[in-house]
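**Student:** Right, I'll just put the structure down here and ask away after.
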């Protein structure tokens, strides 16, 4: 679908070059160089207030960086229009605002916005994509429900369905499993992991559940606060020493039949 | 889809309201005679004059004003992400009213009154925009608070002007404040502005749909939020300024018409904006017709009638809930 599948292998995807981000007098990261490659599923970890949301918004180009650039397919975000960005990159915000009445299907359908010309109406194909996205987050059958009648977890899955309808190559997800019951947490992360495994998509998620991170994410980005950042493959970075320092709490680890399990001591 | 049916229905309602307005009045004019007069055919001299020189301009001015206010209301509600917003919430009508009262106080009328009202609206609009923009960021809350506080300031100025004015000019001033279409003789400008507003707003309509979910979601879906905010603010303000210039501050239409449509199940701004223009126009035409006929020859303030029609209608819709 995308026109910008460049010849350079590391040109496609999302990258930060010398990125420094501040918020409220705090430094989230300093001179961060990182490449989120296609096919990778990233977890962003850190304490409350470490700057996960701020960094995600900066990577999405919705917030200016103090210095450095974010590159999408090898081009700085600032050189692209919001519409161009939104066709390649999606963001699931941490919370949703619904001051006006809306139906579930319409809300999911808004994900098609960047793909349509200003005068164009959503067609049968767009509606089909939205329906399929709703089915993928287990909301099939709720298409005509009013959004304000959904439960917190259902609303969250609708937000995810909007991103799936947008169908970006790079999805930045701010605590995607917030409010979800256990089954949907596992099912949706497995679905996202599967989507990245095809090799064309990237997911970057702020998460808190270490066991879900260990199970579904192949890369981890740790925000220690005050600008210190650590990132790399999950098996190298997700150690009890790093986690104890990151979270300010001793963390234990045992191996089980589903892989390593982490717990607070 | 229901929306496909709604616009033709609203078109029909508009035509009906226009016909009723042209047929009503102290001089009886029949439907056949009206058609003849409108198509340039025969007609008695008296009826011709009454319809073409009195009723038609006033009816079209009422339609344009209602269309302007309802569109401006729909835009303001999205801009401020607040269903309670109306075209006057940011004090644009307050600026217009202050300038208009000053004009009335020094004995101006007609075009001079319109010009000063429009100038007052522009001053209010620039003031709100400049002050709300001051800090760099431009959040709906900051805009709303700036506007509401300035509106309170204009309100105080209006009270002061009323208190200081001689009794002779008070009645005219009060009618202006309550909204009055009796002086509206040249509807062409207002109609043009209403149509231009719709033409300019419609290409933004799908972006408005996305913006109802908040700036972050809109930005993530490819909307240039800062540019869209500025465009809606300018558009809504100019529409309001045009409406206030024609007819003073007619309340209620701008707040309730967009919500009435939302309650009827219209949520897509590509349908909501033209629908609001038609429904707002038709509502104000009906209200103005009643205002000049119910207690004839006494003329009632049209704002009283819009509320009298709109309040029960809206409450019935609200009881039914969103469809």
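**Student:** Taking the condition of being within 7 Å of another protein chain (Cβ to nearest Cβ), out of contact with any helix residue (DSSP H, G or I) (no Cβ under 6 Å at 6 or more places or on another chain) and under 30 Å from residue A:20 (Cβ atoms), how many residues in segment A:86-113 meet it?
**Tutor:** Selection size over segment A:86-113: 1.
**Student:** Restricting to segment A:72-85, and then to whatever is touching a residue at least 60 places away in the same chain (Cβ under 8 Å) and buried (at least 18 other Cβ atoms within 10 Å of the Cβ), can you tell me which residue is farthest from the other protein chains (Cβ to nearest Cβ)?
**Tutor:** A:73
**Student:** Based on this model, can you work out whether residue A:132 counts as more than 14 Å from every other protein chain (Cβ to nearest Cβ), buried (at least 22 other Cβ atoms within 10 Å of the Cβ) and either touching a helix residue (DSSP H, G or I) at 6+ places or on another chain (Cβ under 6 Å) or part of a helix (DSSP H, G or I) (or both)?
**Tutor:** Numbers: more than 14 Å from every other protein chain (Cβ to nearest Cβ): yes; buried (at least 22 other Cβ atoms within 10 Å of the Cβ): no; either touching a helix residue (DSSP H, G or I) at 6+ places or on another chain (Cβ under 6 Å) or part of a helix (DSSP H, G or I) (or both): yes.
Criteria not met by residue A:132.
**Student:** Next question. Pick from B:235, B:191, B:202: which is touching a helix residue (DSSP H, G or I) at 6+ places or on another chain (Cβ under 8 Å) and within 14 Å of chain A (Cβ to nearest Cβ)?
**Tutor:** Among B:235, B:191, B:202, only B:202 is touching a helix residue (DSSP H, G or I) at 6+ places or on another chain (Cβ under 8 Å) and within 14 Å of chain A (Cβ to nearest Cβ).
**Student:** Taking the condition of being in contact (Cβ under 8 Å) with a residue 24 or more places away in the chain and not in a loop (DSSP other than H, G, I, E, B), how many residues in segment B:189-214 meet it?
**Tutor:** Result for segment B:189-214: 16.
**Student:** When you go through B:319, B:292, B:270 one by one, which is the residue that is assigned to a helix (DSSP H, G or I) and closer than 24 Å to residue B:175 by Cα?
**Tutor:** Exactly one residue qualifies, and that residue is B:292.
One line per residue, one yes/no per condition, for (1) surrounded by 24 or more Cβ atoms within 10 Å (Cβ to Cβ); (2) more than 14 Å from the chain's Cα centre (by Cα); (3) at positive phi:
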site: B:268; (1), (2), (3): no, yes, no
site: B:284; (1), (2), (3): yes, no, no
site: B:291; (1), (2), (3): yes, yes, no
site: B:318; (1), (2), (3): no, yes, no
site: B:321; (1), (2), (3): no, yes, yes
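**Student:** For the subset of segment A:244-260 comprising residues that are in a helix (DSSP H, G or I) and free of Cβ contacts under 8 Å to residues at least 40 places away in the same chain, which member is farthest from residue A:213 (Cα to Cα)?
**Tutor:** A:245
**Student:** On the given criteria, is residue B:143 in contact with a helix residue (DSSP H, G or I) (Cβ under 8 Å, 6 or more places away or on another chain) and either crowded, with 19+ Cβ neighbours inside 10 Å or within 14 Å of chain A (Cβ to nearest Cβ) (or both)? Quick ask: steps written out before the conclusion?
**Tutor:** Working: in contact with a helix residue (DSSP H, G or I) (Cβ under 8 Å, 6 or more places away or on another chain): yes; either crowded, with 19+ Cβ neighbours inside 10 Å or within 14 Å of chain A (Cβ to nearest Cβ) (or both): yes.
Yes; evaluated as a whole, the condition is true for this residue.
**Student:** Sticking with this one: Can you tell me which condition residue A:143 does not meet? The list is (1) assigned to a helix (DSSP H, G or I); (2) more than 10 Å from every other protein chain (Cβ to nearest Cβ); (3) closer than 24 Å to residue A:181 by Cα; (4) in contact with a helix residue (DSSP H, G or I) (Cβ under 6 Å, 6 or more places away or on another chain), and all the others hold.
**Tutor:** (1)
Rule-based calculations on the coordinates, nothing more; no lab input. Everything quoted here is computed from the prediction, not taken from an experiment. Reconstructed Cβ throughout: ideal geometry from the backbone, glycine too, with neighbour counts over all protein chains shown.
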